[in-house]
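Asker: This is the structure I want to talk about, given as structure tokens.
The values are calculated or read from the model by the stated rules, or taken from the named source; none is laboratory data. Not measured: the values here are computed from a predicted model. FYI the Cβ positions are ideal-geometry reconstructions off the backbone, even for glycines, and counts take in every protein chain you see. To get the accessible areas, we keep the full protein, side chains included, count just its heavy atoms, and leave off ligands, DNA and RNA. Shrake-Rupley method; radii C 1.70, N 1.55, O 1.52, S 1.80 Å.
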Amino acid sequence: MDDKYMSKLSPTVDFWAGIYLFIIAILSIVGNAAVLVNAARRLTLLKAPELLTVNLAITDIGMALSMYPLSISSAFNHAWIGGDTSCLYYGLMGMIFSITSIMTLAVMGMVRYLVTGSPPMTGVKFQRRTISIVISGIWLYAGLWALFPLLGWGSYGPEPFGLACSIDWTGYGESLNHATFIMSLSVLCTFLPCLTIVFTYFGIAWKLHKAYQSIQSNDFQYGNIEKKITLMAVMISSGFLIAWTPYVIVSFWSMFHSLEQDHMAPVITLLPCLFAKSSTVYNPFIYFIFQRSSSHKLLRLQRLVFCCSHQASSSAERAELESKIVKGSDCNIFEDGSDKVCVGLMGAPGRHPGSEVTTVS
């Protein structure tokens, strides 16, 4: 077997890495399957933005089913199984699912930002057909980037620890071909989506903060909404970034220090990779649970705004009606025992054009 596919870790580390990946795979499959089953049960009731949550679950469960078994068996084998062919397959699947996942998160952030109105009930409404087209575009975009290394722009290769394959980050300094591919991939499929995730969710928190202020000014005690939505934004935007940031840092270090890579302990390159894989476990739950909670809060918020608007409208209508009554009559009140007489504007008590006399006992 080629030495590059031999594990650089000790057999004990390989064994526990395999155990860890096995647990992650089981949790990911069960968790994402639960999300998909729940979505299937209420398929006709799914709102358009919820299709992105379903797509995220598909990418995570797809990664767990298509990639983790090969990593787990290789860890227990203390060497990569399948050589170049399986390495290309693993790298291809990794590119497709990881790019689809991060682009889905970015689009989800943009959609939620547009859907969230300030004030409430003024956001953009999306059709399921529109979101379906966007999801198809995401998969095509990911597939295109995954095919580039097979077409000669960039390449796949084993990770430094020998139990996984991905983009050949160390090839950055070897040729212009690798350098341009890695930089383009980093900007278009990593940095821009991450910035989109961060800014859109904090934008949502700001919109809801402003909406809360407008409601609070009308004496509605609804401070919990701001806390919940801000927590959702922080959890959603930071969860994915925390999982993948260590891997990105190590990968970029490998790009610019390829000659010094032999001096880095293999376990240091292993840990960020294992940590990144944990995102397939908690990502679906963060999005699904907080989305449901936020939907309930936003529904209550919208009801409060509607109630407030309805009361204000009713008060305005009553005021307008009273104004018309006052303008239509000159209500001079004569105290005569128990009788009160409203006299018409055009003359004495009695009928006249445009006015009636009302006598109240």
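Asker: So what's the net charge close to Ser136: Lys and Arg +1, Asp and Glu -1, counting the other residues with Cβ under 13 Å from its Cβ?
Answerer: It works out to a net charge of +2.
Asker: Keeping all protein chains in place, calculate the accessible area per residue for the range 1-104 (probe 1.4 angstrom), answer in Å².
Answerer: 44
Asker: Keeping all protein chains in place and using 1.4 angstrom, which order do Glu174, Glu50 fall into by accessible surface area, from largest down?
Answerer: So the residues, ranked largest to smallest area, are Glu174, Glu50.
Asker: Something else: Sticking with the crude label model, points 7 Å out along Cα→Cβ, report the distance from Leu27 to Phe285 in nm, one decimal please.
Answerer: Modelled inter-label distance: 0.7 nm.
Asker: Can you figure out the FRET efficiency of Tyr141 with Leu65, using R₀ = 25 Å and their beta-carbon distance, to the nearest 0.05?
Answerer: Working from the Cβ atoms, E equals 0.70.
Asker: Evaluate Rg over Rh across the range 48-191, taking Cα atoms for both radii and Kirkwood's formula for Rh.
Answerer: Rg/Rh for the range 48-191 comes to 1.07.
Asker: What residues have an amide H closer than 5 Å to that of Ser166, excluding those fewer than 5 places away on the same chain, when H is modeled at 1.01 Å from N in the peptide plane?
Answerer: Under 5 Å from the amide H of Ser166 lie the amide H atoms of Gly157, Glu159, each far enough along the sequence or on another chain.
Asker: Using label points projected 7 Å from each Cα along Cα→Cβ, tell me how many nm separate Met235 and Asp2, to one decimal.
Answerer: Between Met235 and Asp2, the simple spin-label model gives 4.4 nm.
Asker: While we're looking at this one, here's another question. Count charges around Glu159 for me, please; just the other residues with Cβ under 11 Å from its Cβ, Lys/Arg as +1, Asp/Glu as -1.
Answerer: That works out to +1.
Asker: Here is a follow-up. On a full-extension model of 0.36 nm per residue, what is the gain between Phe191 and Met264, subtracting their alpha-carbon distance, rounded to one decimal in nm?
Answerer: 23.8 nm
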